[in-house]
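The values are calculated or read from the model by the stated rules, or taken from the named source; none is laboratory data. Here the structure is a predicted model, which means the values were calculated and not measured. Note: accessible area is taken over every heavy atom of the protein model, side chains too, but ligands, DNA and RNA are not part of it. Shrake-Rupley method; radii C 1.70, N 1.55, O 1.52, S 1.80 Å.
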Amino acid sequence: MNANRHCPHHDHANAPARTHPAPTPGKPAVPRAVSWPVPIGIAAQRAGISARMVRHYESLGLVKGVGRTDSGYRQYTEADVHALQFIRRSRDLGFSMEEIADLLGLWHDRSRASSQVKRIAQQHIDDLSERIASMQAMQRTLQTLVSCCQGNDRPDCPILDDLAAGHGEPGSSSPKRKTLPNK
């Protein structure tokens with residue numbers, strides 16, 4: 001029995017055929033056959049990011065050793081593009097640049113222990129859970145404030161009163177009723 005059968009990336013027998021994205025109107029389709037290395041525009045397109053982000057990731061040291069033509073233009077190998085796709089997917093999942101740097105290092109280290117990768121991913125899940133809880137608290141506070149607001153032609157507004165009161169710790173979203181006197 002395959003221990004990884006529940007993981008979508010380990011079910012190669014039932015994996016859908018890889019397809020290329022549909023061309024964007026006004027932009028050329030992604031070429032199927034590529035002569036490596038490629039310029040930044042093609043590397044960015046194949047990675048699904050902008051050329052600006054490619055340069056940014058390179059400046060952060062996430063993509064290293066990018067070749068240059070005699071004229072100074074960047075030239076990206078297939079491995080560089082694969083790393084850019086790795087970075088894009090990591091960003092899609094909300095990992096920080098520091099976490100991505102660590103994950104890239106582990107990805108390139110064939111002697112890594114998967115426990116190191118799992119620890120980073122679990123810490124990210126924990127951070128996401130904290131942020132979700134904080135956002136839910138903000139949502140509850142705003143829902144309470146909105147339900148207290150008459151939303152009519154009168155100037156009284158508990159939402160503005162709460163914002164003006166400036167109470168709570170920075171980042172706190174617990175509702176504390178304090179109103180300003182009417183003038």
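Averaged over its residues, the stretch 36-133 has an accessible area of 62 Å² per residue, based on protein heavy atoms and a 1.4 Å probe. Protein heavy-atom surface of the stretch 63-147, 1.4 angstrom probe: 51% of the accessible area is carbon and sulfur, with nucleic acids and ligands not counted.
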